[in-house]
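The structure appears below as structure tokens.
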């Protein structure tokens, strides 16, 4: 069964409340352990994306989503501009159909359009192979410090090792600095 899907890239400021509600509904399904984040029109966890790639069906139901925002992170003491990529979700009914691959290929085009040197994302261990098959490089031994925020807005200092992934966009992977990562703000 092939489903008719309409793909679009949207700027954050063009989204309406019904758009945010539709995205939040998908994110709540995709991340059931975090569904308390995605209530009403809250369609983000950390920082709101700058651009989003969406797939919708004929009824305007959001079936796939990824958010991207340009930001600087510090890697090994150097500031690096990245396209922070997150909130990657595909409706459970479309998982295993190739739509996730298509979503991330479209995200790559957005990253190219933003002219960032690298895409950057944090992936759970079980999702690393999916992204690696799409050209993302995992840095298992890299430690990242960041502030995690609760749904209520409280900031908690966190340190995580592993699952940090980089996609060369306008720069070479060989030019990615070595060392720990410090996220200078919230992630998408």
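The values are calculated or read from the model by the stated rules, or taken from the named source; none is laboratory data. As the structure is a computational prediction, the values presented were derived from the model and not from experiment. Backbone-built Cβ (ideal geometry, glycine too); neighbour counts: all protein chains shown.
Identify all residues within segment 8-30 that are in a loop (DSSP other than H, G, I, E, B) and either surrounded by 16 or more Cβ atoms within 10 Å (Cβ to Cβ) or touching a helix residue (DSSP H, G or I) at 6+ places or on another chain (Cβ under 9 Å) (or both); write none if there are none. The one that is in a loop (DSSP other than H, G, I, E, B) and either surrounded by 16 or more Cβ atoms within 10 Å (Cβ to Cβ) or touching a helix residue (DSSP H, G or I) at 6+ places or on another chain (Cβ under 9 Å) (or both): 15. The condition of being under 19 Å from residue 45 (Cβ atoms), touching a strand residue (DSSP E or B) at 6+ places or on another chain (Cβ under 8 Å) and at pLDDT below 95 does not hold for residue 141. The condition (being at pLDDT 95 or above and within 28 Å of residue 11 (Cβ to Cβ)) is satisfied by just one residue among 170, 148: 170. Restricting 133, 126 to residues that are surrounded by fewer than 13 Cβ atoms within 10 Å (Cβ to Cβ) and at pLDDT below 90 narrows the list to 126. Looking for something surrounded by fewer than 18 Cβ atoms within 10 Å (Cβ to Cβ) and modelled with pLDDT under 95 - is there at least one such residue anywhere in segment 107-115? No, there is no match, as no residue in segment 107-115 is surrounded by fewer than 18 Cβ atoms within 10 Å (Cβ to Cβ) and modelled with pLDDT under 95.
Within segment 8-21, being closer than 14 Å to residue 55 by Cβ and within 17 Å of the chain's Cα centre (by Cα) holds for 8, 9, 10. Would you confirm, using the coordinates I've provided, whether residue 33 is farther than 18 Å from residue 131 by Cβ and without any contact (Cβ under 8 Å) to a residue 24 or more places away in the chain? Yes; evaluated as a whole, the condition is true for this residue. If you check 70, 93, 42, 52 for being farther than 18 Å from residue 105 by Cβ, at pLDDT 95 or above and either in contact with a strand residue (DSSP E or B) (Cβ under 9 Å, 6 or more places away or on another chain) or not in a strand (DSSP E or B) (or both), only one passes: 70. Taking segment 73-83 as the range and being crowded, with 20+ Cβ neighbours inside 10 Å and modelled with pLDDT of 95 or more as the test, the residues that pass are 80, 82, 83. Pick from segment 111-143 the residues that are in contact with a helix residue (DSSP H, G or I) (Cβ under 9 Å, 6 or more places away or on another chain) and in a strand (DSSP E or B): which of them is farthest from residue 100 (Cα to Cα)? The qualifying residue farthest from residue 100 (Cα to Cα) is 118.
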